[in-house]
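The values are calculated or read from the model by the stated rules, or taken from the named source; none is laboratory data. Please read all numbers here as calculations on a predicted model, not as lab measurements. With ideal geometry, Cβ positions are generated from the backbone for all residues, glycine too; neighbour counts draw on all protein chains shown. The protein model used for the area step is the full one, side chains on, heavy atoms only, and it has no ligands, DNA or RNA in it. Shrake-Rupley method; radii C 1.70, N 1.55, O 1.52, S 1.80 Å.
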Amino acid sequence: MDKQMELLQGTLDMLILKAVSLGPLHGYGILLRIQQISKDRLEIQQGSLYPALYRLEHQGWIASEWGESENKRKAKYYRLTAAGRRKLQTEAEKWNRMADLIEGILGTTAEEV
Amino acid sequence: MSLWSRARSWLGAVTKRSRMEREMDAELRFHIEAFAEDLVRRGVLREEALRRARIEFGGVERAKEECREARGANFLESLIQDARFGLRMLRKNPGFTSVAVLTLALGIAVNTAVFTAFDALVLRPRPVKDPDSLVAVFRTTPGDARGRFSYPDYIYFRDRSKSFSDLSLFAFGMALTSSDLPPTGPEARSRLAGAVGFQLPQLLQGSAQPVVAVFVSGNYFQMLGAVPLRGRLLVPADDQLGSSPVVLMSGNFWQRQFHSDPKVVGSVLHLNGVPFTVVGVTPVDYMGTLPNVPSLWAPVAAKVRVGGLAAENLENRLLIAGMPAGRLKPGVSLSDAQAELDVLAAQLRIAHPEDEKNTGVLLLPDRNDAAMLGPEEWALVGAAMSAVGLLLLIACANVASLLLARAAVRHKEIAVRLAIGASRGRLLRQLLTESILIALFAGAAGLPLAAWLLHLLIVEIASALPSAWGTIALQVSPDVRIFAYALLVSCAAGIAFGLAPALQASKPDVNSALKAEGTLFGRRLSRSRLRGLLIAGQMAACLVLLISSTLLLRGSQRALEIDAGFESRHVVCLEIINPANLRYPQARMLQANRDLIRGIASVPGVRSVAQASRDPVGGIRWVPVAPVEAAASASASHESQTTGAGYSYVTPNYFDTLRIPILRGRVFTPSEAEGQAPVVVISEATARRFWPGEDAIGKHLKIGLEKGTMFYPGEKDPFIPSSAVIGVARDVRSMDLRRIDESYVYLPLSQSRQWTRILLARTEADPRQLLPAFGHEVQRVDASLPVVGAPLCTMISMDPFFVVSRVGGLLASIVGALGLLLVCMGVYGMVSYTVAQRTHEIGIRMALGARGTQVLKLIAHEGLRPILAGMLIGIVASAGVSRLLAAMLFGLNLLDAFSFFGVSLLLGGVALVATLLPARRATKVDPMVALRYE
């Protein structure tokens, strides 16, 4: 297993949106899904997850309701709203553009300058 | 969408806080337990799994706090917390709190009261239905844009114009006599007005009591959309010459004179001997379009019945009858109406080429009385408004410097809170909350204070006016907008000045603050500079107020000392009010006049009694005057020689009674006066104007015009084609105390043919003591004569120059004195604070051998610098302000040394005392105690 990487600032929101875009999840479930998708290579501060969830809900990108968990316990489930879906799309595009840009800059060789 | 969900989430957070807390708890617990269960599944012991899950999760409380913040729930919660903490801090410092709150409350209250009074008396739209569609109509002639209307002209426009739903006429008021009213005692005098130096002429005891009635056209109330309190209002049918006489009573008069007796409606009231039926009562304080509340309202036709107007004068196009006001029909604009009336005026000029040659019409909005104020009234208003505005500024500056001092004291507390992890924003919010709390408390205290001041102000203004002038409306409550404005200003000041120290305090070097070294050895904090600036500003503002008030008061004092050109201290002016009310035939009036003169002259202590058609103070009337012989000098012959001159018919002893010296020639002989010979005595200025460098005696003047201009009832101007100048009298100041009358002519009065309302009696001693005896004589001659009497010198106190400068000066000095108190508190506070802050340093200095006087000097120096700077600024600013005042009030001494240096010295001295008192404490510092402080 590779060494765990710390999350880049500001990317947690995008990851949460991505995680819930695949289906409604409770907080712990979101954490597990991000770890699963990233193949455990990302380290997420568990304590910072919930403020992010509350912030996203406050902004209207995700919505929550109480439901029952796999082991029959009451849990709060988050799902993506229509606004959240648009937000995820624009954020993803932004991220890809930025990644391309950075990659291009870093890949520049002396001859190309 | 997003905004809505955010608001809903915030609202939910605020309203369902406990539910949110429960849910948050459950959610986090679920997370930790689920995590622990996963660990258990991987073979970790349950106890150990829970422990590991909690560690992995991190600080639960911090996460919760961040969650709350993320939802915006924290805002209200921390606001309540801040307010609670702020209240506790304010309670712990009762001295600081009460001074700050009282200071601001005073500033807010004075501003609210003065601005509300002005707004209510002048700016507020008339309390009538839809005031915006009311317009005032003026008759314009060259040189007079605000002329009044004659009755036939009013009828002409009323019947022809289509722009108005109603065009009404206000035909002035008149003091009537009524035999149905209980006699009242001497009028209660306003204490304040008396203290200030105003003495309005008083009705002589024993003479008849007048009642003020105003005359309006029958459609007046219909135009205003008024509602009666009892009975009915006046209607157009009442305003016919043949209709039975009716009168409407004001609610105030009904309460005062009839104790709200409902049987008054329908009863008969005799006015000038004519029985009138009372048809109704208007609501209390109802003023219509007037500036005050009259006692009675009557139709214009009633003016003919009571003798105020001859019936044939309703046809006279040159007799001034009143001021029209109209209500525009819906959809008609002011300019539409103006255009229509312009056309009608042009037709009128053609129809009556002689009388209406120059007639034009001007329409103006009639929402309120602001347009009626003259430049001198505006000057007074401006001075009062600026003065109270300055007071609010001083109050704000004072609170600001108090806040600065407090911030310094709390330096350590703030450093501690920062050290244990409070965020800077949170601290700022906390400090600002305290400032705003102070402003809010000040507002709560200021509102009742404003109401009380307003009541005092209005009651005093009201009681200063003789009841015969009508009443001013008393129900005025503090204006909410103005109060909100003053509160906002003080809140803003609290925030602005709370912010500076808060910003400063919240970024201290935590270490040095905790070690209490921040203030060691005269280290000049920019905070102390800001405080110095505030003190200097207050000082300057206060000095401006005090110097202007001194200038104004000294100006008003000078007005009383001005030599008016005639004897004013020992002459009583007696005036018969509205003799037309008595409806006496000419012969009886002449007899009453003669009897009165004989009676007054017989009172011991009276030297002589003269008769005049105009009173010598302010009662000027103009007549066109031109020399019959052309002036010798070539330059004068080019310009038009006709000028307006004040005139009065006088008896030969007038000059001697008033001690007006005859410089050349002589006065009328008794036979010239009796025969009204074409002779005239003119003033020096008149002689200089027409015959510069020549002897005026023997020259001739044409007085008056063959064709009369507009005139008031009973006051037709004289016309003498050629009158010989027989004497030149010294100039007087009858119209305006500040300058001599430009021209004045004295015409001979025939005692067997003319009666006058004015009698002038010169006395040996103080004439005030003789007033009761005069009243007794009036009663003996004819008890139904209403006579007012006052020494001429007290009538001078009604001169606008005196009134404006005296009232303005008093207001400014009251406000200035309050400002001085605030400045002293500010200086005292600043110096005490400096001493407290530098105790440690002073201790070291004294331990090293500094003497008490040296320490005193050190501290006083610090305190005096901003004071001196402020005084310098204040003096320069005052010079500018006095220039402004002088531009508005001709007659002020611009650079009055006493006002400038005397007041500066006084203020400086008071500030010095305020500095030295706390500075002395510095010399009492015990070095040992001060050093142990560390």
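Values as computed for the structure displayed
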read-out: Selection status of B:LYS329, surrounded by fewer than 20 Cβ atoms within 10 Å (Cβ to Cβ) and either of a type in the set (Val, Ile, Thr) or in the same structural domain as B:ASN252 (by TED's automatic domain parsing) (or both); value: yes
read-out: Residue satisfying condition, being under 35 Å from the mean Cα position of the chain (by Cα), surrounded by fewer than 21 Cβ atoms within 10 Å (Cβ to Cβ) and basic (Lys, Arg), within set B:ARG780, B:ARG730, B:ARG739, B:ARG753; value: B:ARG739
read-out: B:ALA930 being modelled with pLDDT of 80 or more, open to solvent by less than 30 Å² (accessible area, probe 1.4 Å) and part of a helix (DSSP H, G or I); value: no
read-out: Residues of the range A:65-90 classified as more than 9 Å from chain B (Cβ to nearest Cβ), under 14 Å from A:ALA19 (Cα atoms) and in contact (Cβ under 8 Å) with a residue 12 or more places away in the chain, total; value: 8
read-out: Lone qualifier among A:ASN71, A:ASN96 - being part of a helix (DSSP H, G or I) and over 12 Å from the mean Cα position of the chain (by Cα); value: A:ASN96
read-out: Search result, residues across the range A:37-64 that are away from chain B (no Cβ under 11 Å) and either under 20 Å from B:GLU61 (Cβ atoms) or not charged (D, E, K, R) (or both); value: A:ILE37, A:SER38, A:LEU42
read-out: Matching residues in the range B:831-854 - criterion: being closer than 21 Å to B:ALA911 by Cα and open to solvent by 40 Å² or more (accessible area, probe 1.4 Å); value: B:ALA836, B:GLN837, B:THR853, B:GLN854
read-out: Test: residue in the range B:213-225 that is in contact (Cβ under 8 Å) with a residue 12 or more places away in the chain and over 24 Å from B:GLY326 (Cα atoms); value: no
read-out: Residues (in contact with a Phe, Trp or Tyr (Cβ under 9 Å, 6 or more places away or on another chain), open to solvent by 20 Å² or more (accessible area, probe 1.4 Å) and part of a strand (DSSP E or B)) located in the range B:607-626; value: B:TRP622
read-out: Which listed residue, of B:VAL114, B:VAL128, B:VAL135, is assigned to a helix (DSSP H, G or I) and open to solvent by less than 40 Å² (accessible area, probe 1.4 Å); value: B:VAL114
read-out: Some residue of the range B:653-661 being in contact with a helix residue (DSSP H, G or I) (Cβ under 6 Å, 6 or more places away or on another chain) and either modelled with pLDDT of 90 or more or open to solvent by less than 60 Å² (accessible area, probe 1.4 Å) (or both); value: no
read-out: Residue list for the range B:275-288, restricted to those being open to solvent by 20 Å² or more (accessible area, probe 1.4 Å) and touching a helix residue (DSSP H, G or I) at 6+ places or on another chain (Cβ under 7 Å); value: B:PRO283, B:VAL284, B:ASP285, B:TYR286
read-out: For B:ILE867: the one exception among (1) modelled with pLDDT under 75; (2) in contact with a Ser or Thr (Cβ under 9 Å, 6 or more places away or on another chain); (3) of a type outside the set (Gly, Ala, Ser); value: (1)
read-out: Whichever residue in the range A:26-36 is under 23 Å from A:ALA82 (Cβ atoms) and more than 8 Å from every other protein chain (Cβ to nearest Cβ) and, among such residues, is farthest from the chain's Cα centre (by Cα); value: A:GLY29
read-out: Identity of the residue in the range A:48-91, open to solvent by 20 Å² or more (accessible area, probe 1.4 Å) and among the hydroxyl-bearing types (Ser, Thr, Tyr), that ends up modelled with the lowest pLDDT; value: A:SER48
read-out: Tally of residues being more than 8 Å from chain A (Cβ to nearest Cβ) and either in a loop (DSSP other than H, G, I, E, B) or modelled with pLDDT of 75 or more (or both) across the range B:1-17; value: 1
read-out: Strands (runs of 3 or more DSSP E) fully within the range B:678-754 counting 1 or more residues that are over 22 Å from B:PRO616 (Cα atoms) and modelled with pLDDT of 90 or more; value: B:700-703, B:720-729
